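The values are calculated or read from the model by the stated rules, or taken from the named source; none is laboratory data. What you see is a predicted model; the values in this text were computed from it and never measured. We place every Cβ from the backbone using ideal geometry, glycine too, and count neighbours over all the protein chains shown. Surface accessibility is based on the protein's heavy atoms, side chains included, excluding ligands, DNA and RNA. Shrake-Rupley method; radii C 1.70, N 1.55, O 1.52, S 1.80 Å.
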Amino acid sequence: MAEKGFFRNRRLYFLALTTYMGSILFGYDTGVMGSVLALKSFKKDFGLPTDSTGFANAHNAQVSSNVVSLLTAGCFFGAIAAAFLNDRFGRRFTLMGFSVVFLIGAVVQTTAHHHIGQIYAGRVIAGLGVGGMSSVTPLYVSENCPPKIRGRVTGLFQEFIVIGVTFAYWLNYGVALHVPAGTKQWRIPVGIQIIPGAFLLIGLCFLKESPRWLMKQGRYKDGTAALAYMRCTTISDPDILQEIAEIRAAIEEELTESEGVKWKECLKPGNRKRFFIGFCIMFWQQFSGTNSIGYYAPQIFQTVGVSKTNASLFATGIYGTVKVCTTAVFLFIGIDRLGRRKSLLFGAAWMGTAMFIIGGVLHAHPPTNVNVVSHASIAMVVFIYLFVVGYSCSWGPIPWVYLSEIFPTRLRPYGVGMGAATQWLFNFCITEITPSAINHLGWKTFLMFGIFCMSMGTWAFFFIKETKGKSLEEMDVLFGVVDENTRREHVERVLNKGVVTAETEIEEGNKGMSVQLENVGVKY
């Protein structure tokens, strides 16, 4: 009797838990340096001015931009490289390679002392690893997921990112309170990222390759076995046979129509649209303003009036905790019920409103007394928290889910790689301009992000199709690459071919058995 529910998917959850160690690294590296840069011990060790807060000092603002944006620059190139390595070597081995690269970068950062250039170099190397993992991980997980829980499980990619960010926030707050000012104070949070990196590398040794990648290589037997293993069932399970038939039919269609040339597939109208949507959805995710707050949260809170370092780090920790809890609730209750499209529309309106209010309050009541947190400052902090609630229920997890599910099997590594690279490219732009924008524009920065949020909601209304509950192979029908009736015929042909093959093997096996029995003098 086939297992049901959680137990049938227990191996999938183990795969997700292991590979999402890479997401924790993504989030941790996002959050750790913004808080480390606010520590006086770090500023002192690397010759930075220690008598200013937020981005009031131009030199501190520039170093902050460099330290944060160099990671994203490395991530951009790592995501591009992953698209090609992923296709050639498979999801599992590619992830293993990028985890090694990340560990090298983490060690370089941790051993730095008095030379900010070594921090820069370590950030670039670690970025290559993080970027590669961000391109492979959602793809690897989605290719193993059944449609009913794909949104939830793939969306955990974002949940683990925010867990990593929040852990970095609270760790920095803890070392600021309990570790004496000195090199050890900033080196602990920078070095601790080595631990999840090591867990990822070790855990990957116990996982199997993606069944869809195996079948794309023509390894149908291995792909069937891998899928049955992940579903905790046998290769004769009717659900497994149906899913394998759909995968095989989709791959054969792609090969037939493009004659094996991938760039021809990319130019087909339905696929062109998917690449356009993948690019835009990751572009808009960055221009929501969330990573400006995520990377520079302590400085942002200082800007709106929470000026003391420990107080801003505490407010940052609360920000991350709100993000973790809201994302978790949405993934387990909302994403596979509300769907992708409605969540994106609602989230954009919510975030835009919050940004407009923050900008308006900051303009009307700018902080003046650094020793007192005013009512206006409290209001702005509350709306920053409300902003992240909207983000966590929409433009946080959904772009990664959507990106990993809309592309056909042969193009999925390139589509996800393109989207991840887009995310990192504009992530780099945002992190580079945020310190200067707040330094020069002040409250208008929040107004700018509010306008972006409303614009992305308008874009989603016209371009986003609902993918809730559909298999990965059904995306071809949704985006008009193949007619539904044609796909059904192809699937039935593959299933019939499988039945005929099975029957032939049984008949040949019976004939062989008859010959063997006759040779030993037994009538069959």
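Can you report the number of residues in the range 392-421 which are in a helix (DSSP H, G or I) and open to solvent by 10 Å² or more (accessible area, probe 1.4 Å)? Residues that pass the stated criteria total 2.
Would it be correct to say that PHE199 is closer than 30 Å to VAL322 by Cβ, among the aromatic types (Phe, Trp, Tyr), modelled with pLDDT of 90 or more and open to solvent by 20 Å² or more (accessible area, probe 1.4 Å)? I'd like the intermediate steps shown before the answer.
On the way: closer than 30 Å to VAL322 by Cβ: yes; among the aromatic types (Phe, Trp, Tyr): yes; modelled with pLDDT of 90 or more: yes; open to solvent by 20 Å² or more (accessible area, probe 1.4 Å): yes.
Spelling it out, PHE199 is indeed closer than 30 Å to VAL322 by Cβ, among the aromatic types (Phe, Trp, Tyr), modelled with pLDDT of 90 or more and open to solvent by 20 Å² or more (accessible area, probe 1.4 Å).
If you filter the range 438-485 down to residues that are of a type in the set (Val, Ile, Thr) and under 16 Å from LEU403 (Cα atoms), you find that the one that is surrounded by the most Cβ atoms within 10 Å (Cβ to Cβ) is THR467. In the range 139-159, the condition of being open to solvent by less than 10 Å² (accessible area, probe 1.4 Å), of a type in the set (Lys, Arg) and assigned by the TED database to the domain that holds HIS113 is met by at least one residue. Would you mind stating whether VAL382 is within 28 Å of GLY27 (Cβ to Cβ), over 16 Å from the mean Cα position of the chain (by Cα), in a helix (DSSP H, G or I) and without any contact (Cβ under 8 Å) to a residue 12 or more places away in the chain? Yes.
Within the range 447-467, residues that are under 12 Å from GLY347 (Cα atoms) have Cβ atoms under 8 Å from residues that are open to solvent by 20 Å² or more (accessible area, probe 1.4 Å) and assigned to a loop (DSSP other than H, G, I, E, B) in these pairs: MET456/PHE287, counting only partners at least 6 apart in sequence or on another chain. Does SER65 meet the test of being at pLDDT below 85 and among the small types (Gly, Ala, Ser)? Criteria met by SER65. So, ARG150, is that one closer than 21 Å to LEU95 by Cβ and at pLDDT below 85 or not? Judged against the criteria, ARG150 is a match.
Residues of the range 80-122 that are basic (Lys, Arg) and open to solvent by 50 Å² or more (accessible area, probe 1.4 Å): ARG88 alone.
Inside the range 215-225, can you point out the residues that are closer than 22 Å to GLU253 by Cβ and either outside any loop (DSSP other than H, G, I, E, B) or of a type in the set (Lys, Arg) (or both)?
MET215, LYS216, ARG219, TYR220, LYS221, ASP222, GLY223, THR224
Exactly one residue among THR353, THR327, THR316 is of a type in the set (S, T, N, Q) and either assigned by the TED database to the domain that holds VAL32 or surrounded by fewer than 24 Cβ atoms within 10 Å (Cβ to Cβ) (or both), and that residue is THR353.
Restricting the range 46-62 to residues that are crowded, with 17+ Cβ neighbours inside 10 Å and either on the phi > 0 side of the Ramachandran plot or among the β-branched types (Val, Ile, Thr) (or both), which is modelled with the highest pLDDT? Break it down into steps so the answer makes sense when it comes.
Residues of the range 46-62 crowded, with 17+ Cβ neighbours inside 10 Å: 46, 48, 53-55, 57, 60-61.
Going one step further and asking which of them are either on the phi > 0 side of the Ramachandran plot or among the β-branched types (Val, Ile, Thr) (or both), we end up with 53-54.
Details: THR53: 52, GLY54: 48.
Filtering first and then ranking leaves THR53.
Determine if the range 445-460 includes at least one residue that is of a type in the set (Phe, Trp, Tyr) and touching a Pro at 6+ places or on another chain (Cβ under 7 Å). Checked against the condition, which is being of a type in the set (Phe, Trp, Tyr) and touching a Pro at 6+ places or on another chain (Cβ under 7 Å), the range 445-460 yields no hits at all. State whether one or more residues within the range 112-128 are part of a helix (DSSP H, G or I), touching a Leu at 6+ places or on another chain (Cβ under 9 Å) and more than 30 Å from LYS44 (Cβ to Cβ). Scanning the range 112-128, I find no residue that is part of a helix (DSSP H, G or I), touching a Leu at 6+ places or on another chain (Cβ under 9 Å) and more than 30 Å from LYS44 (Cβ to Cβ), so the answer is no. Taken together, the residues in the range 468-493 that are in contact (Cβ under 8 Å) with a residue 24 or more places away in the chain and touching a helix residue (DSSP H, G or I) at 6+ places or on another chain (Cβ under 7 Å) amount to 15.
If you go through the range 21-28 one residue at a time, do you hit one that is farther than 28 Å from HIS115 by Cα and in contact with a Leu (Cβ under 6 Å, 6 or more places away or on another chain)? Working first, answer last.
Initially, the range 21-28 is screened for residues farther than 28 Å from HIS115 by Cα, giving 21, 23.
Then keep just the ones that are in contact with a Leu (Cβ under 6 Å, 6 or more places away or on another chain); that gives 21.
Among the residues of the range 21-28, at least one is farther than 28 Å from HIS115 by Cα and in contact with a Leu (Cβ under 6 Å, 6 or more places away or on another chain), which makes the answer yes.
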